[in-house]
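These notes concern the structure reproduced below.
The values are calculated or read from the model by the stated rules, or taken from the named source; none is laboratory data. Nothing here was measured: the structure is a model prediction, and the numbers come from that model. Note that we place each Cβ from the backbone using ideal geometry, even for glycine, and neighbour counts take in every protein chain shown.
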Amino acid sequence: MKLIACIKQVPDTTEVKVDPKTHTLIRDGVPSILNPYDQFAIEECVRIRDQIGDCSVSVLTMGPPQARSALMRCLALGADEAILISDKAFAGSDTWATAYTLSLAIKKIGFFDIVFCGQQAIDGDTAQVGPELAQQLGIPQVTYVEKIEIDNKNKLTINKQTEDGYQILEAKLPLLLTLLPPTSFQPEHPPMSSILKAKRKPFNIWDVETLGGDKSRFGLDGSFTQVIKTYTPPKRGECELIEDNPKEAAKKLSKILCKNEALTKR
Amino acid sequence: MKILGIEIILDKCTGCGLCVKVCPFAAVKILNKKAEIEANCTLCGSCLEVCKFDAIVIERPKLSDKNLSEYKNVWIFVEIRENELKKVSLELASKAREIADTLGEKVGAVILGEKAKHLCDEIAAYGVDIAYIVENKNLSEYNTSNYTGILTGLILKYKPNIVLFPATHLGRDLAPRVAASLEVGLTADCTGLSIKDGLLLQTRPAFGGNIMADIISPNVRPQMATTRPNVMKIQKPDHSRKAEIISIPIELDPKALKIIIKEVVKTTKAGVKSLDEADIIISGGRGMGSAENFKILEDLAKTINGVVGASRAAVDAGWRPRTNQVGQSGKTVSPKIYIACGISGKIQHQVGMKSSDTIIAINTDREAPIFDIADCGIIGDLNEIIPALNEELKKNLCKN
């Protein structure tokens, strides 16, 4: 069997700051990390592979040359092979163009049983590439996956998160999953021995020529959406601090709340 | 009969009939052991996906500057739950009305479900002109493939200019699938929508809410977006409004589904609103100290018709279920009032609640980052303040 995981290297958004003058992101000094959702997807992918046996994991990403380090981490976490899809032509891809590029790479690999993605990436938070990729591959998808069990080689039992709980689904292969880590998820840090082993695993770089496909559909040109402006969100007003004994503080707060239309309009 | 845009390659077709099973519009028949496409085919592509022999080729008409103007009207996908409209559907209808008025176009609403007709009058009151109703007993629970096929088919047939989906679990599963099928752009999780130079201007937060982006999809139709719940204002309903109803006949074979729902488990109590839909959220964090102590938040929630949420720390401690979690690895909410109790408010929490209208923080630590984004902060012990606040509110709300 063949499992494929699609991952993304992202700036650690918890470290991102905005330049107050230019209103652009200050990326200098912001660490690049493996998207935490994707790390969970890789760990699950490797777990399922080990359970099945006779099965391999290919991990792919579309990104600049530096994205190599995110792939190396995936190899250290247990993936068998890495593919970096990298070319200037892919720059500026929106979610559709990204999914198109990934779909070409997966078709080039040729066969697979399950495609693993993180539910979303912490930089864009769109959660769109997974479903768009599934559609382009012509396979079913399950999003918001919390738990996977493989029953036999052709069937999965999946817990899918819903807004008020979860569903238990039964799914046939092939399919694409987008995974949601549990709140208690702590990304595994691979030991030095695994990091060294990762360096000996197959690592491929594919460019536009390798992928083939319709060149007009890559990157900025192939993107249907265009970002025309970015700016910092309007600042919130100053915080009104109340420091008083609990009774008085409660009185003051109650007054403020009672003026709010969420309470008056009931 | 030959249908424009779809062809069966007879050499490859084995007459297996999978395409017949999966076609929601009942537009495929098997004749002389070969598939035959009927005139009501919408080119939705459901058959393409199941055909094991690559025997179906679909070529949809290409868009050009000339035919962009054929696309008219603003559509919303209406999400329902337990046969009722979800609040976000009213928000979408209100927003769509505003956009349609700017463009001089109509508002269309697509409603899928086991029963949908009873919802037409209510959604019409919020500005919908035409309701496209798809009723089928196999649509009572959402499934990606049927919904995608039906939506794609309807969009190809009626050519709307704009389609809005809710950025809910359902909408975020369905919209990208439909967008990829139609080969159009999709902007996720919009917090602002307006018309600029005749185009849909889509505003969304990115990089954990650190930055806002304005996005357009100028060269394709429809222009599609998912919209974050609780952000768009609901307009006053006009119950004298009526919508034109167009019923779409559908045939679905549940056996064609590759993903089957075995069990639906609800971890929130019946009748309790979900966090995404709540006007008022009272969240507790590490400072709550115990699961039992959340009772004071539950009591307050009862008084002001709020819903209780939690920070990751409280969920990790096992005090609250996962569905309660607000923040980066939980839900993104934007209620009218967000009350953070004993939550320090690290960036990961802020990402999930920063767009709330009014933020109130109660914390003993005056240095807590939550106070940086709060509109009103109380420095003190929540164990004393919350019950006192509840009593005050009970008194004051009775007066009104």
### Query
Which ones in segment A:181-214 are of a type in the set (D, E, K, R) and free of Cβ contacts under 8 Å to residues at least 24 places away in the same chain?
A:R200, A:E209, A:D214
### Query
Any residue at all in segment B:232-245 that is crowded, with 19+ Cβ neighbours inside 10 Å, hydrophobic (A, V, I, L, M, F, W, C) and either within 14 Å of chain A (Cβ to nearest Cβ) or more than 23 Å from B:E122 (Cβ to Cβ) (or both)?
no
### Query
Of everything in segment A:186-212 that's in contact with a Ser or Thr (Cβ under 8 Å, 6 or more places away or on another chain) and surrounded by 15 or more Cβ atoms within 10 Å (Cβ to Cβ), which residue is farthest from A:K88 (Cα to Cα)?
A:L211
### Query
Within segment A:21-38, can you find the residues that are in a helix (DSSP H, G or I) and under 23 Å from A:S103 (Cβ atoms)?
A:Y37, A:D38
### Task
Give the residue that is farthest from the other protein chains (Cβ to nearest Cβ), with candidates limited to residues of segment A:95-139 that are over 25 Å from B:K258 (Cα atoms) and at pLDDT below 95.
A:A121
### Query
Taking segment B:1-50 as the search range and keeping residues that are free of Cβ contacts under 8 Å to residues at least 40 places away in the same chain and crowded, with 21+ Cβ neighbours inside 10 Å, which one is farthest from the chain's Cα centre (by Cα)?
B:A35
### Task
Scan segment A:216-243 for residues that are surrounded by 13 or more Cβ atoms within 10 Å (Cβ to Cβ), of a type in the set (K, R) and over 25 Å from the mean Cα position of the chain (by Cα) and report the count.
1
### Message
I'm told B:D365 meets every condition in (1) out of contact with any Lys or Arg (no Cβ under 9 Å at 6 or more places or on another chain); (2) surrounded by 21 or more Cβ atoms within 10 Å (Cβ to Cβ) except one. Can you identify the failing condition by its number?
### Response
(2)
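Any idea which of A:E149, A:E170 is at the interface with chain B (Cβ under 9 Å from one of its Cβ atoms), acidic (D, E) and surrounded by fewer than 21 Cβ atoms within 10 Å (Cβ to Cβ)?
A:E170
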### Message
Give all pairs with beta carbons closer than 8 Å in which a residue from segment A:67-78 that is closer than 10 Å to A:L34 by Cβ meets a residue that is in a helix (DSSP H, G or I) and of a type in the set (S, T, Y); count only pairs at least 6 apart in sequence or on separate chains.
### Response
A:L77/A:S194
### Complete set of residues in segment B:342-397 that are small (G, A, S), in a helix (DSSP H, G or I) and facing chain A (nearest Cβ under 8 Å)
B:A388
### Summary
All conditions in (1) within 26 Å of A:Q141 (Cα to Cα); (2) touching a strand residue (DSSP E or B) at 6+ places or on another chain (Cβ under 8 Å) are true of B:G127 except (1)
### Query
For segment A:29-49, does any single residue satisfy the condition of being under 17 Å from the mean Cα position of the chain (by Cα) and among the basic types (K, R)?
no
### Scan of segment A:228-266 for residues that are touching a Pro at 6+ places or on another chain (Cβ under 8 Å) and either assigned to a strand (DSSP E or B) or in contact (Cβ under 8 Å) with a residue 60 or more places away in the chain (or both), ordered by number
A:T232
### Task
Being within 17 Å of B:R177 (Cα to Cα) and of a type outside the set (S, T, Y) is the filter; apply it to segment A:67-103 and report the residue that is surrounded by the fewest Cβ atoms within 10 Å (Cβ to Cβ).
A:A97
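Please work out if B:D214 is closer than 30 Å to A:L220 by Cα, surrounded by fewer than 22 Cβ atoms within 10 Å (Cβ to Cβ) and within 9 Å of chain A (Cβ to nearest Cβ). Step through it out loud before you land on a result.
Details: closer than 30 Å to A:L220 by Cα: yes; surrounded by fewer than 22 Cβ atoms within 10 Å (Cβ to Cβ): yes; within 9 Å of chain A (Cβ to nearest Cβ): yes.
Judged against the criteria, B:D214 is a match.
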#### Entry: From A:G29, A:G53, A:G92, residue being on the phi > 0 side of the Ramachandran plot and either aliphatic (A, V, I, L, M) or in contact with a Ser or Thr (Cβ under 8 Å, 6 or more places away or on another chain) (or both)
A:G92
### Query
Since B:V315 meets every condition but one in (1) in a loop (DSSP other than H, G, I, E, B); (2) within 24 Å of A:P181 (Cβ to Cβ); (3) free of Cβ contacts under 8 Å to residues at least 40 places away in the same chain, which condition does it not meet?
(1)
